[in-house]
Structures are given as C-alpha cells and as structure tokens.
1. Please state the relative contact order of the stretch 34-113 as a whole percent: Cα pairs under 8 Å, 6+ residues apart?
2. Quick check on the stretch 13-76: what are the equivalent-ellipsoid semi-axes from the Cα gyration tensor, as sqrt(5λ), descending, whole Å?
3. Got the relative contact order for the chain handy, in percent, Cα pairs under 8 Å and 6 or more residues apart?
4. Which of rounded, prolate or oblate describes the stretch 86-179 when judged by the alpha-carbon gyration tensor and an a/c cut-off of 1.5?
5. For Leu174 and Ile112, compute 0.36 nm times the residue count separating them, minus their Cα-Cα distance, and round to one decimal in nm.
6. Considering only Leu117, Ser176, Ser37, whose Cα is most displaced toward the positive end of the charge dipole of the chain, charges sitting on Cβ of Lys, Arg (+1) and Asp, Glu (-1)?
7. If I model a spin label at Thr126 and Thr81 as a point 7 Å from the Cα along the Cα→Cβ vector, what separation in nanometres do I get?
8. Sticking with the crude label model, points 7 Å out along Cα→Cβ, report the distance from Thr100 to Ala10 in nm, one decimal please.
Amino acid sequence: MSQNELDINAFNSYISHNIKFLRAKRNYTQKQLSEVSGIPRTTLTNIESGEGNPSLSNIIKLAKALNVSIDLLVSAPRPETILLKENELPLEIKGGASITKLLPEKIKGLDIDRVKLDPGQTFRGTPHLAGTREYMTVIKGEIVIRMNGEKFHLLQNDVLAFPGDVHHSYENPLASESSYMSIVVPS
C-alpha cells in the first residue's frame, strides 16, 4: 500500500469516526442526518463505515448539518478527556517569570496560564487580541498590576478583570515568590 493510500484511508477513518461521534452527540439517527444534510442514507452509511470516499460537497453538507467546521470533520479525532501531569505541561521562562500553559489544546484567543514570579521581579505582559478580557487571581503572595497609568495591588485570592488588549505588567513586591492565574478570554 502506498503512502498516498495510507493517507486517504486515515482521512476516511477520521471522517467516519467524527461523523458517527457528532451524530450520536446530537441524538441523530442516520436517517435524520441524511434528511438534514440532503445526502442519501446509503451514501451516509458508506461514509460512516469508512469505506466511502466522500466528496467535498458531501463534507460541506455534513459539516453544515452538524453545525461544525469542515476542519473538525476531517481532523484526527480529539480525545474527550486529556490528562497532563505537571511535568508534561508546557513551561516558558521569561526573566523572573515561569509561565505554565494550562490548556492542552490551542483555542484562538483563549489562554490559561499559571505564573510564578520571583521575588522583586516584574513581568511585562503582551497585549492580547483586540477585545479580549483578562481575569487574574493571586494564588500565593501579592501582585501589583500596572496598566494605562493605573496601579492595582492584589493580595492572595483577589481577582482583577481588565482589558487584555492593553500594555500591562505584573510585579512581585515581596521578598518571596508570588504566583497567579491568568485567564484571557476572547470577546
């Protein structure tokens, strides 16, 4: 079997799995999905079996009927549950800041980070996508946030919500490590 045939078989397998999963999630029978999508039931059965080689037109119809992107239908299936152990989490070191990325999947405009800030260090945040909001809470210690000429001094468990698309900085005013959680949400 050639590499090209392997790729087509994997592609058809992804589509088969994703359509069956999404159809079941929406409580559609094959007949119902056939009616909603305008694809003959025999064609749908063939696609779901992984034996069919669906046309682009049928993929578009199915994506529309299931209210998902075409990308979701043709991509490798994502597991419903993902467990990442602490040592598997992506860690970024920027000066005195250790940033742990807590989302196992990329979602445009959404970030969830746990940040540890060394004593007396300042971390300059990068403005996020236009219209985003940032929510942050201090887990341990204290954090001073500066933005737009304002200064906010947060203690443990305090929460600050602010525009995520502006220049801002986080400062640890203590002689011991401070940490906080940051959640950036697109509008």
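Values quoted throughout were computed directly from the atomic coordinates according to the rules given, and no laboratory measurement underlies them. Quick caveat, the model's predicted, so the values are computed rather than measured. Methodologically, a virtual Cβ is constructed for each residue, glycine included, from the backbone with ideal geometry; neighbour enumeration extends over all protein chains shown.
1. This gives 16 percent for the stretch 34-113.
2. Over the Cα atoms of the stretch 13-76, the ellipsoid semi-axes are 14, 13, 11 Å.
3. Here the relative contact order equals 19 percent.
4. Cα axes put the stretch 86-179 in the oblate bin.
5. Roughly 19.9 nm would be gained on extension.
6. Ser37
7. My value for the distance between the label points is 3.4 nm.
8. Modelled inter-label distance: 3.2 nm.
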